[in-house]
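Structure, as structure tokens:
The values are calculated or read from the model by the stated rules, or taken from the named source; none is laboratory data. Just so it is clear, the model here is predicted, and its values are computed rather than measured. Here the Cβ positions follow ideal geometry from the backbone for every residue, glycine too, while neighbour counts run over all protein chains shown. Accessible surface is based on the protein model in full, side chains and every heavy atom, while ligands, DNA and RNA are left aside. Shrake-Rupley method; radii C 1.70, N 1.55, O 1.52, S 1.80 Å.
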Amino acid sequence: MQDVELLRPLDNTAVLALHGEHDMATREELARLLSDEICANDLVVVDVSDAVFVDSSFLHNLVKADRLASARGSRFVLQMGTARIVRSAIEFSGLLDVLACASSREEALSQAPTADAPIGSGA
């Protein structure tokens, strides 16, 4: 995907840094990428810091990704940005109350499982 940068900052961790617009045009490709990365990693972070627009299909993909991560016993974190329209869409959707969110990459990556708190331990 042209507007998604895939990073691997830690073992078993993927960061999808989104740029530009994410809507019906990118829905299916992003859904596949999220599913693939969640199935292959213990932590997946979606960083919307540089996204300029998202629609309900994008928000739906976030919900599906979070559910898949929960079912798999992995972690899914949304790294929030400051683009007003993106932040507003996520806030108004109520997803901030549902998804694990972080305000920085460091905070998002700190949610990676450790030997002391393996996935599924509730810690």
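Tell me the residue from ILE90, ILE85 that is hydrophobic (A, V, I, L, M, F, W, C), surrounded by fewer than 19 Cβ atoms within 10 Å (Cβ to Cβ) and modelled with pLDDT under 95, please. Don't jump to the end; show me each part of the working.
Numbers: ILE90 fails: surrounded by fewer than 19 Cβ atoms within 10 Å (Cβ to Cβ).
Only one candidate qualifies: ILE85.
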Q: Might you let me know whether the stretch 97-109 holds any residue that is in contact with a helix residue (DSSP H, G or I) (Cβ under 8 Å, 6 or more places away or on another chain), among the β-branched types (Val, Ile, Thr) and modelled with pLDDT of 95 or more?
A: no
Q: Starting from the stretch 1-23, keep only residues that are open to solvent by 20 Å² or more (accessible area, probe 1.4 Å), then list their pairs with residues that are outside any loop (DSSP other than H, G, I, E, B) and among the charged types (D, E, K, R) whose Cβ atoms are within a distance under 6 Å, requiring at least 6 positions of separation or different chains.
A: MET1/GLU29; HIS19/ASP50
(Q) When you scan the stretch 65-81, do you find a residue that is farther than 27 Å from ASP11 by Cα and of a type outside the set (Val, Ile, Thr), even just one? (A) no
Q. Taking helices (runs of 4 or more DSSP H) that do not extend beyond the stretch 11-104, which have at least 1 residues that are closer than 18 Å to MET1 by Cα?
A. 27-40, 56-72
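Kindly indicate whether ASN12 is among the polar types (S, T, N, Q), modelled with pLDDT of 95 or more and at positive phi.
Against the criterion (among the polar types (S, T, N, Q), modelled with pLDDT of 95 or more and at positive phi), ASN12 qualifies.
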